[in-house]
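Enquirer: The structure's right below; bear with me while I get my questions together.
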Amino acid sequence: MTQRRGQGDAGQAFPIYITVVAGLLLLAFAYLAVGQAAANRNSAQTAADAAALAAALDTRDQLADEWVQNVLDPTKWQAIFDGEGVPFDGCGRADQLAARNDATAVCGVAPGLPPGYTVDVETNEPVGDSIVPGTESVHSKASATAVIERLCTFEPLAEDAGEDVLPQLDCKDKPWSLDPDDLTVLPEPEDLFDVHLAD
């Protein structure tokens, strides 16, 4: 009698066991699908961040070069520090960086002060097959904006200051006293401008 009851209990437990295992497998596949989507989304955001920063860094270097070329003409400094005087053509770099991250970019200039770039990317690879219908053709998208912020200020020279004097450049990390007769050591691009992702 006891033996028959034990066999009956085992028979009743088996369907429950199968149901629990099937539920766990379904849950595992769901987590896998979420993980796939999150990884694809993270890849898109990484591509957007890298592309926007690359575009801004390219233009920052151009602005720094423009300042160096006009270092003896302080009347042009403010315009350069305001992001003027060079074409904002860094979107080519954004396209390159997005392609390296297996994504396609749409890049545009972010006007204003500080100026910069906004980049929207879409991953070339879709999320892929999963238990969630339709994900096999879904491409992740992300957006990022990188800005170029001046780090230096200066006081314009008095009208009678003469041509052999340059304003002191007060930058974030140090002041620069510039000698028109000895310009061998000048601030680097990163001393003049900061490039960072906008909040």
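Rule-based calculations on the coordinates, nothing more; no lab input. Keep in mind it's a predicted model, so treat the numbers as computed, not measured. Every residue, glycine as well, gets a Cβ built from its backbone with ideal geometry; the counts of neighbours run over all protein chains shown.
Enquirer: Note down all Cβ pairs under 7 Å where the first residue falls in the stretch 61-80 and is closer than 17 Å to D194 by Cα, the second is surrounded by 14 or more Cβ atoms within 10 Å (Cβ to Cβ) and of a type in the set (G, A, S), and they're at least six residues apart or on different chains.
Expert: If the second residue must be surrounded by 14 or more Cβ atoms within 10 Å (Cβ to Cβ) and of a type in the set (G, A, S), the pairs left are L63/G83; E66/G85; A79/G85.
Enquirer: Right, something else. Suppose the filter is within 13 Å of the chain's Cα centre (by Cα) and surrounded by fewer than 18 Cβ atoms within 10 Å (Cβ to Cβ); does N42 pass it?
Expert: Yes: the conditions hold for N42.
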